Every structure is written in structure tokens, then in C-alpha cells.
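What follows is a short report on a single structure.
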Protein chains: 2
Amino acid sequence: MITKSFLCVQMIVNFPVLGWMRVSGNGGNHLKNVGGVLMAWLVFSTLAGAGSMVVALLLFERILRKDPGTGRMLEIYSAIKEGALAYLRRQNRTLAVFVLVMAIILGVVATVLRNATIGLSMAIAYVLGSACTTLAAYLGMRAAVETNVRVASAARKGLKEAFPVAYYGGAVMGLFVVGISLFGITVLFFVFRELLGWADVDATDVVLSFSFGASALALFAKAGGGIYTKTADISADLVGKVELGIPEDDPRNPAVIADNVGDNVGDVAGMGADLTDSYIASVAATMVIGAEIGNPKLVTLPLLIAAMGLFASIIALAFVARSIRRSPGRALNLGTFLTCGIFVVLLLIAVRFSGLEGNSWLGVFLPTLAGLGAGVVIGLTSDYFTSIEKKPARRIAEASVTGTAINILMGFSYGMVSITPPILCIAATTIAAWYLAKAFGIDPFYGIASAALGMLSIVGTVISADAYGPISDNAKGIAEQASLGEEVVAVTDMLDAAGNTSKAITKGFAIGSAALTVLALFAAYAHLVNIKSLELMSPQVIAGLFIGVMMPPVLSAMLILAVSRNSERMIEEIRRQFREIPGLAEGTAKPDYAKCVDIATAGALRELLPSGIVAIVAPALTLIVLGKEALAGFLAGSILSGIIFALFMANAGGAWDNAKKYIEEGHFGGKGSEAHKAAVVGDTVGDPFKDTAGPSLNTMITVMSLVAEVFAPLLLLIFSR
Amino acid sequence: MITKSFLCVQMIVNFPVLGWMRVSGNGGNHLKNVGGVLMAWLVFSTLAGAGSMVVALLLFERILRKDPGTGRMLEIYSAIKEGALAYLRRQNRTLAVFVLVMAIILGVVATVLRNATIGLSMAIAYVLGSACTTLAAYLGMRAAVETNVRVASAARKGLKEAFPVAYYGGAVMGLFVVGISLFGITVLFFVFRELLGWADVDATDVVLSFSFGASALALFAKAGGGIYTKTADISADLVGKVELGIPEDDPRNPAVIADNVGDNVGDVAGMGADLTDSYIASVAATMVIGAEIGNPKLVTLPLLIAAMGLFASIIALAFVARSIRRSPGRALNLGTFLTCGIFVVLLLIAVRFSGLEGNSWLGVFLPTLAGLGAGVVIGLTSDYFTSIEKKPARRIAEASVTGTAINILMGFSYGMVSITPPILCIAATTIAAWYLAKAFGIDPFYGIASAALGMLSIVGTVISADAYGPISDNAKGIAEQASLGEEVVAVTDMLDAAGNTSKAITKGFAIGSAALTVLALFAAYAHLVNIKSLELMSPQVIAGLFIGVMMPPVLSAMLILAVSRNSERMIEEIRRQFREIPGLAEGTAKPDYAKCVDIATAGALRELLPSGIVAIVAPALTLIVLGKEALAGFLAGSILSGIIFALFMANAGGAWDNAKKYIEEGHFGGKGSEAHKAAVVGDTVGDPFKDTAGPSLNTMITVMSLVAEVFAPLLLLIFSR
């Protein structure tokens, strides 16, 4: 009985294949045809990817039909749009050169060492990876820009009108970027494996190149966008709020448009690209490990799991915008938990009836579940350390009364303490995933990779909620600049506040999943370069660990220095405008917004280069000078300190931000008090922590791991000759 | 010919044995008698230890004969002395309870699992270790307190008079604490090995307990003293300089005496105890590894090498105070380099003629040399990142013009970048020491331990130069409070500035050596619990690494929070005094110094407890829950991030400090400008970084390693039953 119903579900899961191909020849025996089952999974995940893109485009269309508002609003909207496009154009030009050069290197090296077909395929996949994600990030940002002004416009009619607009605006980014990624990977894998009949190992190599390409965009979008957005934010605040005492988002401030642009290019496009990068990498790493193990089902299963996550995100989306009654915050969290719930059910069905032998499906299902659970826990604890309603932020606010230095020290300390729960959680997940996989006969590293996949499978919802934040932030800015009145600003304020809470949770997700993903990449690297066992008590591994551990703080510092330097330039410019443009301070003359946008744009890309180069050259150099074991140590070290710095910076920044907001609510003297001034400094220090350096670390570590993975086997071939 | 002259030198190195014992029975054959040679080394190192203590006491005597100055100076001196002794009394009372409890636990556990003799011996050695170092730290601090006022007094006659007093004052601490440590270890080892005839392994276990005892003092003295000194420093600055605008060290400030006391208990006694802890641990770890290898010469050789370092320090000392012409800074650096030079010669002689077979002496000599060289390089690069004459500090000063937030971000970033050279240096030393040892047939981990020993061998000079800093700082404070006039203050200023430079170099030494020492302890741990190979790709090791990496930032945060909390209390008190004591601000009434001293004292010990408990419980818990491989991962992780945070905090703090001083020299608006205010905040943030959390990390990591080493073999026995 039970077996029979199982077979039925198996048939449903593998249904598409029945209607499509390979059916006739196999007859009733098709369920045992591994190729057919795998084909079904591939079709499933192609459909999920394509469907997700279609939904995203439909949502975009729907948003465009909304009312964009009045004259002044449109003016601001145009300025933001222009600035954002200008930045993206310049970023994409630089990126294109970078990608081309890297693709040629990759292709040539692979050609020389393996063969021309593989070389060309890897180069093409690399270009495709960056092109797909760049397109998605571009579309997502466009959607955000179009949405901002429409949220402000809808806010005039109330919260219930405004919330769905903001939420759907974020979802365009979330669904499109995840959809195109899954679609791209699947098609690529399908072409090489099914059509060209390549071996799994070679086909996954191509997928890895796709992932590497996506990480090239993430590097530019997250780190470059992060430098952009914080340059503008800090400069606008320091001169506007602190020196001149004019309010935030005041149209007299020459940096205000650059600040708004920054929200779109840094927070929407950047964060989206970063999460997508992790997402693709986790899928690719799991596939690579599966291929190295030599089980075709384990190679394709990650695509099926990812597809289930995407379905869950789409289904949950339909509910969230309708569920809002009073609190947008609750609606956003509902979205996250609903996605998790739906995903678990779909996951159970998919993996249970995937046809893995005996109980071994549990060895994939349970680690995936553990990863998902860990993501939720990490998100919730991050929320504690940053929320305006909890002790840390309030203690920092209280400490501001004693002075700026104590505010800084408190925020710094709470940020460091905040790493405890997520780290313990990641350690526990590692052990759980390992043994759960092993207990059911699955390779333990495949278990860890599944855990990463589990955490990232709901990434569609996570990115949607993430993009929602800067969209409502921007809507608030537009409402203020266009003087839509206090009530409208209050509505956008409520939207914004909800964004901050959900942002903390999703950031926890992003960091936690990055850690596990890189752990999976690490395992994939070890498989690729044939390291069966890594002796910690060897001088190369110890040296590699030391150098690796050093990278995240040094890269963070380089990014923060970049923001500082760029801000100095922009602050000079803002001061100059106030000095030289008569009537600017009084509001009778208009500032030169474009100049500030230019400074942010040019500076972001120029300042990004050094850290990008370091992230690519350091692992390669470690490999060449110290060997493959040292590089493994290097990767392990960079994961270890990377996760610590990423968590610390994200949470300290969030806590400083909310400490300031708490004082602004009227506590400890409220706005304008000495405590408030101290808190503003803390918030400014936290800005590049939480929005530039912290989140860029994920990307940097993924880039380093992928450099290791893609180039190491090739370089090793040179040395072994 | 050559062989003959070698034999001659060998006879000289081993001379004491000839005149002392075992001569008659052995006749001409005594050179081949390993026991006799080892005995000679033991005598040598006993003499070095005892001699060093005698020199220290003679110096102290000499200082006491100097003129302590006039009435007001004596008044201040008495207040500082009283406060310092009050703190030490309370610290030592708490310490005594702690040590007693730990000794009982240690003794009972060892008795149950091994036998009563070993249990009792270990407990006694533990108590002795903490008692010896406590005595030394007490004496050193007493000497510092006596010296401060005499330096101020001598400064009235000029720099040439004042410098030797300050330098000798520091040397009392340096020579006594190192002397008593070496003496204690040697005697202990002598008693158990030679007199009681214990096996090497058991005898070194007892030495390890001695080291563990010393680390108990270090924990209290460094972390507790660090909290004390920074509580007072920050509070005095924030209310005095920032709020009321009265100068530093102004007698109207109620916290000024507590601040002076802090220099003595935190910087002199604390730093000395910390370095001593590393020193003893490095000697003990090298001996343990030697014993595990089973070569008696390698067990005793570390004592001989340490003795050579001590001789070098004493010889160099005699030159330094005489060499001062104009610059005390140059004299201090001369001391460091002279000690290195003399040590290298003595080391060469000692190891070359130690009777190690064939070329294997090179396998000890070269790693030791590499360690020493690395120490110098790390010191010099730390100097670059903190010196007032170099780019980082000046850029931070320049950034202060833009505002407080940019100052903080810059200092933070340069601090993180500054870890690059030392980390690369440590990585290179690890590899060099490993292969140099291996090439000449010495166990590679013995090589790494030798490198640590090499770095720490000149610790006598390092501590002397280190203690010199706070002594001249205090002398300056006394000169200002007693209104000795501008010229005298200028002399003490020059002394103080020299102290700052040499402090940066010695701090680099302290951190670098701590890293290598803990690496040696790690190796010793692995030997002890019989881990032959440590697989990095196992879930327990990965989990252990994650948890271990987390410890240093969390412990740092706990210590910084402790300082913040304690400062809040003291700031309240200072404000209260200014509010409630009539005439205080005008200088007609005296503040209640004792109240502030009390707050600092009580707070320091109370706030220290949580982090101390975490440092002891965390490794034990990791072992119990996750097993011995996880604990090895834990230790490795804590070394990795510990060194990063220690370097980052020390250098960022130093750079902020000097950026402020650079502005005070008149740049970017000078004292009182907006830039100066920003720089003062940066300096205040840096204070607990560089003087509480940063240096305490060394101690914390050593404590964790020693907990692992002393308890793990015992706990493992429980589990294996």
C-alpha cells in the first residue's frame, strides 16, 4: 500500500518527463530510468526559473501601471533614475572589461591544460554567469527606482495602498534574479550533460564557471555599490545634519540625490547580487560534490531543491501583500516563515520521492532542514542584537549620555558579543549536517552543502524583503523632499521601520548561509584538488590559516578606507557648493546634484579596485608560493574570520543605527541633545560597517573560494608537469 | 684542532658542574655524562635567575637612595602608593582564593587519576607559580611607585639625571620577574628530576603547573589592572578634559590619583605579569615537547637558552643608562638591539657546545634565531603603524578635520591593515622554524617552540623598557600636579615620548611571541593528548575552530564593556564631586581622591570575573561536549583570531593616541580645535583597545591553552575509563 502510494507521488514528481520525451522507449519501466528521472528534475527547475522570471515581469508591469505622483515627485524620480543608470552604466562598462579579461584567462588556461572545448565552454559559462546576474540586478534596480516614487504616491492613500507596492517592487528583484540564476544553471547543465553528453564532472565545472561569473558581478555590485551608497550617506549626514543642522533628505543638500541613488545601487542591486552569488555558489558547490562522489542523482538533486524553494517563495508572495492588516513588519516576517513552511513540505515531497535508495533521502532532507532552521535562528538572534526594542540598542543609547567614545565602545562591544549565537549555531549545524548525512549513507560534505542550500533555498523571499527596505527608505526620502506632508511621511516611516527589522533577519540569513556555502565550496575545493585529508599540524596549513584569517579584516579595512577617502572628497564638494552657490542655504537656489553623483560614481569604482585585486591575487599567490594545502588553510582561515567580521560589522552597525533612532524617539534628551550627537557619530561609524564592509565580506570570501576552485586545479596541472 | 677547541668551550659551558658535584666519580669521562652536562645547565640557569634577582634588588636599593623631592611631591607619591597598594591587596586577596580553589581542583583531579604524589606536586607547583610571579609583580610595582616621584625630582636637574632613574626603575620589574621565573622553574625541575629522580614527562608536568599558576596572576593583573587603569584614564579625561576643559593631570580632578595608580597597577604590574606569563609558558612548552620526544637534553636546553637571554639583558642594561646623550628613545632602542646582539652570541656558544649530536644543534639555533628576528620585524612594523612620524597616525589626524566619525573609521581601518606584516612574519617564521628544525633532525614542533623562546628570551629588556613608559608618564603627572615648572615638565615629556615609541616595539614583541608561544602550547597539547594528526576536514575540528575563533572577540568585548560600565560609575562620581564639593572647580577645595580609587578597584575585580570564568570554562566545556579534537580546533581558532584582534587593537589604539598628539603639536588647528576634539574621542576609544582588551588577549589565550593542557589529559582519563 504505502509503497504503491509512494510510487504514485514519484510519478507526479517525475511527471513532466512522461509528457515530454524518453517515454515511449521505456514503457512501464521508466521509473527506474535514472536519466528520465533526472530529466524530469531538470525540466522542473527550468520551469521554476522561467516561471519566477515571468512572475517578476508581471509584477513589474503591474507596478508601472500605478500612479507615479505629481510634478516635484517626478522631478526627484528622474534625478534618481538618471544617477542610478549613470552609475550602473559605468559599473557595467568596467565590469565588462574585467569579465572579458577574466574569461580569456580562464579559457586560455583551461584550453592549454585540458582542451579547447572545455576552455571555451568555461569561458562562455563565465560570461553568461555575469551577464545573467547583471541583467537581473539591472532590472531589479530599475524596478526599485520605479517603485520608490509610486510607494510615496500610494502612501498618500494610506498604508494599505502603499505596502503592496513596496513589497512587489522588492519582489521583482527577488524573483527575477533568483529565477534567472536557476534557469541559467539548469540550462547550462542540461546542454552540457544531456545534449552534449559530457561527464558530470566536466558539466559541473562549467556550472562552477557560471557561479564564478556571477561572483564577478557581486564583487562590483556589492563592494562598489556599498562604497557608493555610504560615501553619499555619510557625506550628506556629516555636512547636512551635523554641520549645517538641516534635516535628512533636505533638497538643499547637494548630496541628497546621490544618497537616494545609493540606496538603489548599493542596497537593492548590491545586496541582491550578493545573495544571488551565495545562492548560485551553494547550488554549484553541492553539484560539484555530487559529481565528485559520482552519483548522478546527487548532482541534479540540488536543482530540484532550489526549484522547490523558488516555488515556495512565489506561493508565499501571493499571501503576504494581502495579509497586511496593520503592521508591515508582521507581514514581512509572515512572508519569511510562510516560505519556510511551504518549502519544508515541498522539500519533503521532492527528496522523499527522489528515488534515492533506501533511507538515504533522509541524509539529504535532514541536513537541508537543519540549514534552514539555523538560518531562522541566526536571523532571530541578529534581530535581538540590533532591534530598537531590545537591550543592546537601548544600552548603547543610554551610554551616549556619557559621551561619544562610550557610545562607540558599547556598540563595538555588543557587535562582538552578538557573534556568539550565530557562531554556535553554525558550529552545531556543521556537526548536525555532517552526522545526519553520514548516518544515512550520504557523503558528509554533501550534507554540509545541503545545509547551505537549505538556508539559501528561500532566497527569493529573502531578497524581496531585503529590497523592500531601501525602496521604502527612498519613498520616505521622496515624500520629504516633495513635501507631501507629515501624514504621508508617517506612512512611509512605518514602511521603513518594518524594513529595518526584516533587514536584520535577512542579513543574518545572508551571513549564515555564506558561511555554510563557503564551507561547501571549501569541501568542493578539497575534492577538486584531491586533498583527502588536511593535516592542521603542518606548517603550510598553519601559515595558510594565518594568512587566510588575516584577509577579511584587511579587506574590510580597505573598503572602509575607500569610503572614508571618497567621503572626504564629497564633503569638500558639498561644503564648496554651500560656500559658492548664493542662496543655497536659504533654499532659493538649487544645488548641483550631478556633481555629487559623479564623485560617488567615479570614486566607488576606483576605490573598489585594490580590494578586488587583493581578493583575486591573494589566494592565487598562496597557492603558487605555499602549495595546495596552504590554500586550503587559507580558505578555512578566511571563512573563520570572515563570518566573525561580517556578523560583528552588520550587528554593530544595526545597533548603532537603532540606538540613534531610540534617542530620536525622545529618550535621553531626544533630537539635538548631546546624547543624540554622540549617537549620530556612532551611526555614521556603523554605516560602512553594516552596508559596505560587512556585507562585502560574503562576496569577497566567495570570490576567493571560487578563485581557488576554478584556478587551483588548472594551476596544479602546471606544477605537476 | 677544531674539535679540541670545541671541547674546551664545552668544558667552559659545562664548567660549574666540575666544581660542584659528580666530578670525582666520572673522571676524564665527565663530558660524555649527559647527567653531568644537564646538571651544569641547571646550575647555570639557577645562577642566571638568582643573579638577575640580585641585580634587580641592588637597583631598587640604588633608586631608594635618590632624592624623592619636596612636600607636595611626597604627598602625591603617598596617595599613589596608598591607592596602588590598596588595589594590589584586594587583587591578591581575590587571587589567593582563586588560586587555592584551582590548586585543590588540580590536586584532587590529578590525585584521583594518577597518584597522590603527582597531585600534590602539581598543586604545590601551581601555588608556587602564582606566588612567585605575584611577589615579583608586587616588587616591580613598588619599585615603579618609588621611582616615579624620584624621576620627577631628578628631572629638575635635567634629562641626563632623570633618564637612568626611570630606566633602572623599569629594570627592577624586568629583571626581578624574569629572574624569579627562571629560578622557580629550574629549581622545581631540579628537585623533581634530579633529586627525586622523576621521569622527564612527570617533571615537566609539574613545570607546566607552575606556568599555569603564573597565568592565574597574569589574568588578574593584566585584565583586572587593564580595566582599572582605563576606567580611571577615560573617566578623568571625559569629565576633566572634555566637559570641564581642565588640563590632564590637574589636581582638581578627583580621578587624577586613580589615573596615576592605574599606570602602576595596569601598565607596570599588568604588562610585566603578562609577558612573564608568555615567557614561562614558552619555556614550559618547549620543555614538555622535549620530554615527549624523549631527549633529556632537549628538555633542559630551554632553561640554558633562557639563562643566556637573561645574561644578555643584564649586560645590555649596564650600557644603556650610560649611553644616553640626547635622546632617551635612542637609548631604549639601543638596549633592545644590544640585548639581541649579545643574546645571539651567547646563544650560539651555548647551543653549539650543548653536545647535541652532529649538526642537530643547528635545528635549535636557527629556529631560535628566526623567532628573535621575527620579534624585531614585528616590533618595527608595529612602530610604523603607530608612530607619530609616520603616515597612518598623520592621516588619522588629518581625517579628524572631517569629523569624529571619520577619525574613528580611519583608526579602525589602519589598525586592521596593520596586522598584515606581523601575520605574514608569523606565518613565515612558522614555516622557517618547522623546516629548519626538521632539516637538522629536530622535531618540528620543538623548532616552533624554540622560535617562541627566541622571541621571548630577551624579555628582561622588553619588560624593563615597557615599565619605563608608565614610570615616566607618572613622573610627568607628578611634575605637573606638584607645579615643578615648565622646564621640568618638558624633561619628563621627553622621557614620556621615548616611552611611547619603545612601547610600540615591545608590544609587537609581546603579541608576536604570544602567538608563537601558544602555537607551542598547542603542539604540547597535541603531544599530551596523543593527537598525532589533526584532520581539519572533520566536523568536530571545524566546530571547534568556529568556537575558538569566536572567543577572542567576545572576550575583548566583555573587557571593553567592563571598562565602559566601570567608567560610567566613575564619571557619575566625578560629576557628583564637582557638583557637591564647593570650591572644587576653583581649586580652593580638595577632591575626594579615595572615592575614585575605590570605584576603580572594586569595579576592576568585579568586572573581570565573567571574562575570566569564560576563558576557563569554555575550553573545558568544548572538551567535554565535543572531544579532544574539537578542543585542538578550539585552541587553533583562538590563536588565529586572538593574534589578529590583539594586533589590531594595540595598533589602532596607538595610532589614535599619536594622531591626537600630532594635532596637539599644532597641526590641523592644534589643541582646542574641532579636529582635536574628534581626535580626543578617537584616543578614548583606543584606550581600552590598546591597554585593556588587546594585551589581555595574550593572557586569555595562554590561560585557555594551559587549561587545555593541564586539564585535558586528566579529563580524558575520566572519559576513557
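What follows is calculated from the coordinates using simple rules that are stated; it is not laboratory data. What you are looking at is a predicted structure, and each value in this text was computed from that prediction instead of being measured. Positions of Cβ are backbone-derived with ideal geometry, glycine not excepted, and every protein chain shown enters the neighbour counts.
Geometric descriptor of the stretch B:568-692, per residue, is 133 Å³ (volume of the convex hull of the Cα atoms).
Partners of A:Lys157 within straight-line reach, counting lysines whose Cα lies under 21 Å from its Cα and excluding those fewer than 8 residues away in the same chain: A:Lys66, A:Lys476.
With the convex hull drawn over the C-alpha atoms of the stretch B:485-591, the volume per residue is 171 Å³.
Multiplying each eigenvalue of the alpha-carbon gyration tensor of chain B by 5 and taking the square root yields semi-axes of 42, 28, 24 Å, largest first, rounded to whole angstroms. Placing +1 on each Lys and Arg Cβ and -1 on each Asp and Glu Cβ, with no other charges, gives the stretch A:436-563 a dipole about its Cα centre of roughly 680 debye.
Direction-averaged projected area, Cα convex hull, the stretch A:351-400: 4.3 nm², rounded to one decimal.
Distance between the 7 Å Cα→Cβ label points at B:Ser323 and A:Ala86: 6.1 nm.
Taking Cα atoms only, the orientation of helix B:225-235 departs from the longest principal axis of chain B by about 10 degrees. Across the identical copies, the label point of A:Leu380 (7 Å from Cα in the Cβ direction) is separated from its matches by 5.5 nm, in order from shortest.
Show that you can apply the helix-only estimate: for chain A, add -39,500 (n - 2.57) for every DSSP H stretch of four or more residues, divide by all residues, and state [θ] at 222 nm to the nearest 500.
On the way: 25 runs with 582 residues, N = 721.
Rounded to the nearest 500, the figure is -28500 deg cm²/dmol.
Tell me whether the stretch A:111-247 comes out rounded, prolate or oblate; compute the Cα gyration tensor, take square roots of the eigenvalues as a ≥ b ≥ c, and use a/c under 1.5 as the rounded threshold. It comes out oblate by the Cα gyration axes. The stretch A:211-242 and the stretch A:442-505 have Cα centres lying 17 Å from one another.
Once the C-beta distance of B:Ile624 and A:Lys390 is scaled by a Förster radius of 45 Å, the resulting FRET efficiency is 0.90 to the nearest 0.05.
The relative contact order of chain B comes to 20 percent, based on Cα pairs under 8 Å that sit 6 or more residues apart. In this label model, A:Glu161 and B:Lys157 are separated by 8.9 nm, measuring between points 7 Å along each Cα→Cβ vector. In terms of Cα to Cα distance under 26 Å, which lysines are near enough to B:Lys438, apart from those fewer than 8 places away along the same chain? By straight Cα distance, B:Lys438 reaches A:Lys532, A:Lys628, B:Lys32, B:Lys297, B:Lys532. Taking one quarter of the surface of the convex hull spanned by the alpha-carbon atoms of the protein assembly as shown gives a direction-averaged projected area of 55.0 nm². Taking Cα atoms only, the orientation of helix B:328-352 departs from the longest principal axis of chain B by about 0 degrees. Think of each Lys and Arg Cβ as +1 and each Asp and Glu Cβ as -1; about the Cα centre, that makes the dipole of the protein assembly as shown roughly 1640 debye. Reported to the nearest whole Å, the Cα centre-to-centre distance from the stretch A:303-343 to the stretch A:354-430 is 21.
Here B:Pro247 yields copy-to-copy label distances, from shortest upward, of 4.7 nm, the label point defined as 7 Å from Cα along Cα to C-beta. Using the Cα gyration tensor of the stretch B:307-404, with a ≥ b ≥ c the square roots of its eigenvalues, what is the shape: rounded (a/c below 1.5), prolate (a/b larger than b/c) or oblate (neither)? The shape class here is oblate. Rounded to the nearest 20 debye, the dipole size of chain A about its Cα centre is 1200 debye, using +1 on the Cβ of Lys and Arg and -1 on the Cβ of Asp and Glu. Position A:Pro610: other-copy label points at 3.8 nm, ordered by increasing distance, label point 7 Å along Cα→C-beta. log₁₀ I(q)/I(0) of the stretch B:347-450 at q = 0.12, 0.17, 0.20, 0.23 Å⁻¹, via Debye over equal Cα point scatterers, no solvent, to two decimals? Each listed q maps to, in turn, -0.54, -0.76, -0.91, -1.07.
Suppose R0 equals 35 Å. What FRET efficiency, 1/(1 + (r/R0)^6) with r the Cβ-Cβ distance, do B:Arg330 and B:Ser673 give to the nearest 0.05?
Working: r = 32 Å, r/R0 = 0.92.
Computed FRET efficiency for B:Arg330 and B:Ser673 comes out at 0.65.
Within the stretch A:30-123, report the trypsin sites (Lys or Arg not before Pro) that DSSP leaves as loop and that have at most 12 other Cβ atoms within 10 Å. Provide the component values of the computation, followed by the final result.
Working: sites: A:Lys32, A:Arg62, A:Arg65, A:Lys66, A:Arg72, A:Lys81, A:Arg89, A:Arg90, A:Arg93, A:Arg114; in loops: A:Arg65, A:Lys66, A:Arg114.
Taking the stretch A:30-123 and a limit of 12 other Cβ atoms within 10 Å, the loop trypsin sites (Lys or Arg not before Pro) found are A:Arg65.
Projected onto its three principal axes, the C-alpha set of the stretch A:101-171 covers 64, 17, 10 Å, listed from the longest axis down. Normalised by 2.2 N^0.38 Å, where N counts its residues, the alpha-carbon radius of gyration of the stretch B:638-721 equals 1.71. Here the label points at B:Ile349 and B:Ala594, each 7 Å from Cα along the C-beta direction, are separated by 5.5 nm in the simple model.
How would the stretch A:194-298 be classified by its alpha-carbon gyration tensor: rounded, prolate or oblate, with rounded meaning a/c under 1.5 and the a/b versus b/c comparison settling the rest? Prolate, since a/c reaches 1.5 and a/b exceeds b/c. If you take the alpha carbon atoms of the stretch A:413-555 and fit the smallest convex hull around them, that volume is 170 Å³ per residue.
Closest approach to the axis carrying B onto A, counted by Cβ on chain B and given in whole Å with its residue, is B:Leu536, 2. Between A:Leu609 and A:Ile293, the contour length at 0.36 nm per residue exceeds the Cα-Cα span by 110.0 nm.
Helix A:271-293 and the longest principal axis of the C-alpha atoms of chain A enclose an angle of approximately 10°.
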